[in-house]
Amino acid sequence: MLDLIINRVVNLTEEKIPFAKLDKISYEIGKSLLGIPKDGFELVERLWQEVKGRKVESNSDVLKVSSITVVLSNILGMLSGKHFGRVVNLIVKINLEGSNWYITDNLATRAVKGCYRTSPDKIAEKVAVWIKSDNKWHRRLGVVSTLVGVKYCNMDVDWGLNILQEIIPQDEPIVNKSIAWMLRDLSKKYPDKVKKFIENYKDSPDRNVKYIVKHGGRKLIW
């Protein structure tokens, strides 16, 4: 059965199926495997092996890898209810081995999102660890996961901003971009809070902080 599922997923990614449709398909797959988690985890591992180390030389390649990551991330999120520890370990492993924004961001917006829905306090603790990691991809995972928690999973915006405060400034562009993205996105719903947060850094001479201020506050009226 797993071979058939893997072939189906790989074929779908070749057809450039929209992510929204892939989300629905992966939920169907995940639902069918909830009663047999051993197969669910094996499927995730095998899907990851399909893309791990694959050469990515074009936007089409990025899309194919991202598509498979969408599917395995959704399945991980669904498995997190009864297998939180194992799911988190796989998220960390895949994020480290993938080391690319399209891997990290799909893990955060799907696998971590599923963890928030089943174990919000426990995943919040993990996010606080990731965001202080020595590894830049884990730090980006922490930032994007913080955004996901606040935007989609009822985590408090002050909690999210306090986490950001702990890691500014950053010297890694890939992390700074995620911080600016988070602030810009949250400013749509919480303009006053984000504006107050950014004002704390407006006079910083640090070029990385200047980037966060400029791009994080782009949607605000000053």
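Dividing the mean sequence gap of close Cα pairs (under 8 Å, 6+ apart) by how many residues the stretch 2-118 holds gives a relative contact order of 30 percent.
Each of Met1, Met155, Met182 was scored by other Cβ atoms within 10 Å of its Cβ. Arranged with the fewest first, they read Met1, Met155, Met182. The overall shape of the stretch 129-222, judged from the alpha-carbon gyration tensor, is oblate: a/c is not under 1.5, and a/b is no greater than b/c. Residue order for Ser99, Ser66, Ser145, fewest other beta carbons within 10 angstrom first, comes to Ser99, Ser66, Ser145. Dipole check for the chain: with +1 at the C-beta of Lys and Arg, -1 at the C-beta of Asp and Glu, and the Cα centre as origin, the magnitude is about 500 Debye. Considering only alpha-carbon pairs that sit under 8 angstrom and 6 or more positions apart, the relative contact order computed for the chain is 14 percent.
Evaluate E = 1/(1 + (r/R0)^6) for Glu15 and Trp101, where r is the Cβ-Cβ distance and R0 equals 25 Å; express this FRET efficiency to the nearest 0.05. Provide the component values of the computation, followed by the final result.
Details: r = 23 Å, r/R0 = 0.94.
E between Glu15 and Trp101, to the nearest 0.05, is 0.60.
The long axis of helix 2-14 is offset from the longest Cα principal axis of the chain by roughly 50 degrees.
Report, to two decimal places, the Cα Rg of the chain normalised by 2.2 N^0.38 Å (N = number of residues). Mind dumping the intermediate values first?
Values: Rg = 17.9 Å, N = 222, 2.2 N^0.38 = 17.1 Å.
Normalised Rg, Cα atoms only: 1.04.
Pairs from the list Lys64/Lys151; Lys31/Lys151; Lys132/Lys189; Lys93/Lys188; Lys21/Lys122; Lys151/Lys188 with a Cα-Cα gap above 22 Å: Lys64/Lys151; Lys31/Lys151; Lys132/Lys189; Lys93/Lys188; Lys21/Lys122.
Projecting the Cα atoms of Leu72, Val62, Val51 onto the charge dipole of the stretch 5-131, computed from C-beta unit charges around the Cα centre, puts Leu72 farthest toward the positive end. Backbone phi angles across the stretch 112-119, fed through the Karplus curve with coefficients 6.51, -1.76 and 1.60 (θ = phi - 60°), yield HN-Hα couplings of 5, 4, x, 5, 4, 6, 9, 9 Hz in residue order; Gly and Pro are listed as x. For Lys210, a cut-off of 17 angstrom between C-alpha atoms picks up these lysines, skipping any fewer than 8 places away in its own chain: Lys177, Lys195, Lys196, Lys202, Lys219.
Using the Cα centre as the reference, give the magnitude of the dipole from point charges on the C-beta atoms of the stretch 64-131 (Lys, Arg: +1; Asp, Glu: -1; all else neutral), rounded to the nearest 20 debye. Please list the in-between numbers first.
Numbers: 9 positive and 4 negative charges, 41 e Å.
Charge dipole of the stretch 64-131: 200 debye, to the nearest 20.
What is the distance, in nm, between label points placed 7 Å from the Cα along the Cα-to-Cβ direction at Glu199 and at Ser32? Output for this residue pair reads 5.5 nm.
Every number here is computed from the coordinates shown, using simple stated rules; none is lab data. Keep in mind the model is a prediction, meaning the values are calculated, not measured. No Cβ is skipped: glycine too gets one built from the backbone with ideal geometry, and neighbour counts run over all protein chains shown.
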